[in-house]
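Q: One structure is given below, represented as structure tokens, and several questions about it will come after.
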Amino acid sequence: MANQDLITALREADAVKYGEFELSHGGTSDYYVDKYVFETNPRCLELIAAAFAERLGDDKLAGVALGGVPLVAVTSVETGLPYVIARKQQKEYGTGNLVEGELTEGEEVVVIEDIATTGQSAIDAAEALREAGAVVERVLVVVDREQGATENLADHDLELESLVTASDLLADAP
């Protein structure tokens, strides 16, 4: 069932835009869900954190840099669960880690991400976490664009769970 309060908040924050947009994976779309709008809106963050919290046990959290970081931070505060950050690439300075934060070998981790289109950034994060010793089986996202992420993640033994699907978000749209 659709999270109607979150859908309403995303629409009211003007996070859903219509037009011609290029997506990060190279495709185009006639709508765009602007993560920076909803990730900087306190009401949206509050609803996202509460909805993620309902779906979590006591696993460690991991946010995918950059978009997943505000989401994992508010979810950590909501749940009291610690988190790590999965980088998209290693820095050439400092520790050079792909995973930032404290992670123990064999620790179960749930990946938190903003929007899933193909799911590739979540797959990359899960693989980095696995290489660092984590057990990763689930990815939670705010919006599933329903463009193959579920299947792509399943090919990597990952289950995708979204708070909202594109179908729900765009239903009855003006």
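Q: Determine the relative contact order of the stretch 84-174: mean sequence separation of Cα pairs under 8 Å and six or more apart, normalised by residue count, in whole percent.
A: Relative contact order comes out at 25 percent.
Q: Let me ask something additional. Only Cα pairs under 8 Å and at least 6 apart count here; give the relative contact order of the stretch 1-49 as a rounded whole percent.
A: About 36 percent, as a whole number.
Q: Nearest 5 is fine: what % of DSSP beta bridges in the chain come out antiparallel, could you say?
A: 25
Q: Quick one: what does P(r) look like for the stretch 89-171 with 10 Å bins over all Cα pairs, in whole %?
A: Going from the shortest bin to the longest, the percentages are 19, 45, 27, 9, 1.
Q: Let me ask something else about it. What are the residues whose amide H is under 5 Å from the amide H of Glu146, where those residues sit 5 or more places off or on another chain and H is modelled from the backbone?
A: HN-HN under 5 Å from Glu146: Ala166.
Q: Now a separate question. Skip the ligands, DNA and RNA, and give the accessible area per residue of the stretch 1-110 with a 1.4 Å probe, whole Å².
A: On the way: 6160 Å² over 110 residues.
Heavy-atom accessible area per residue stands at 56 Å².
Q: Report, in debye and to the nearest 20, how large the dipole of the chain comes out about its Cα centre when Lys and Arg carry +1 and Asp and Glu carry -1 on their Cβ.
A: 420
Q: Which listed residue (Pro70, Leu81, Gly57) has the Cα farthest towards the positive end of the charge dipole for the stretch 50-91, taking +1 on Lys and Arg C-beta and -1 on Asp and Glu C-beta about the Cα centre?
A: So the residue we want is Pro70.
Q: Relative contact order for the chain: what is it in percent, counting Cα pairs under 8 Å that are at least 6 residues apart?
A: 18
Q: With a ≥ b ≥ c taken as the square roots of the eigenvalues of the C-alpha gyration tensor of the stretch 35-118, please select rounded if a/c is under 1.5 and otherwise prolate if a/b is larger than b/c or oblate if it is not?
A: In terms of gyration-tensor shape, oblate.
The values are calculated or read from the model by the stated rules, or taken from the named source; none is laboratory data. The structure displayed is predicted, hence computed values, not measured ones. Because the Cβ atoms are built from the backbone with ideal geometry, glycine has one as well, and the counts that use them run over all protein chains shown. Only protein heavy atoms, including side chains, enter the accessible area calculation; ligands, DNA and RNA are left aside. Shrake-Rupley method; radii C 1.70, N 1.55, O 1.52, S 1.80 Å.
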